[in-house]
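The values are calculated or read from the model by the stated rules, or taken from the named source; none is laboratory data. Just so you know, these numbers come straight off a predicted model, no measurement behind them. All Cβ positions, even for glycine, are placed from backbone atoms using ideal geometry, and neighbour counts span all protein chains on display.
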Amino acid sequence: MNSFFENCSKLYSIDLSNFDTSKVNDMECMFNECHKLKEIKGINKFNTNQISNMRGMFQQCNEIEYLDLSNFNTSKVNDMECMFNECHKLKEIKGINKFNTNQVTNIRGMFQSCNEIEYLDL
């Protein structure tokens, strides 16, 4: 799913409730540069058990205010660089406190330019 929705600059909302991500291992830049995206329905149902790369996954999603990642399994992820970079309006990331970062070697710029985040439970 590397760059799957990248540059969908006019996309406002997307419903991925029925996406089967159980065999996916790469979500790099999946929503990168979806500048107007405000809502990703079903992302809380993603099976991320095999994912090793989440680099830039939500990078430049300028309008997203809330993400529910509470069911994300990050035990195999090794790269989270710029994962939320330039999510200017992002206020809350539900479930980030449950991220397993034991394998992560790169978090450079993970929250860079997230100007509206009020609280992060890491």
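To keep it simple, each residue is scored yes or no on (1) under 17 Å from N2 (Cβ atoms); (2) assigned to a strand (DSSP E or B); (3) out of contact with any Phe, Trp or Tyr (no Cβ under 7 Å at 6 or more places or on another chain).
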| site | (1), (2), (3) |
| --- | --- |
| I64 | no, no, no |
| N85 | yes, no, yes |
| L90 | no, no, no |
| N100 | no, no, yes |
| Y119 | no, no, yes |
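Only one of N7, N53, N47 is surrounded by fewer than 18 Cβ atoms within 10 Å (Cβ to Cβ), out of contact with any helix residue (DSSP H, G or I) (no Cβ under 6 Å at 6 or more places or on another chain), closer than 24 Å to K98 by Cβ and not aliphatic (A, V, I, L, M). Can you tell me which? Just one listed residue meets the conditions, N47.
Give the residue, chosen from M110, M83, M1, M30, that is within 22 Å of D121 (Cβ to Cβ), out of contact with any Gly (no Cβ under 8 Å at 6 or more places or on another chain) and in contact (Cβ under 8 Å) with a residue 24 or more places away in the chain. Checking each option against the conditions leaves just M110.
Here K10 passes the criteria (1) in contact with a Phe, Trp or Tyr (Cβ under 7 Å, 6 or more places away or on another chain); (2) at pLDDT below 95 except the one numbered (1). Restricting attention to the range 7-44, the residues that are closer than 21 Å to N78 by Cα and either of a type outside the set (F, W, Y) or touching a Ser or Thr at 6+ places or on another chain (Cβ under 7 Å) (or both) add up to 13. The set of residues in the range 59-81 that are buried (at least 21 other Cβ atoms within 10 Å of the Cβ) and closer than 18 Å to C8 by Cβ comprises Q59, Q60, C61, I64, L67.
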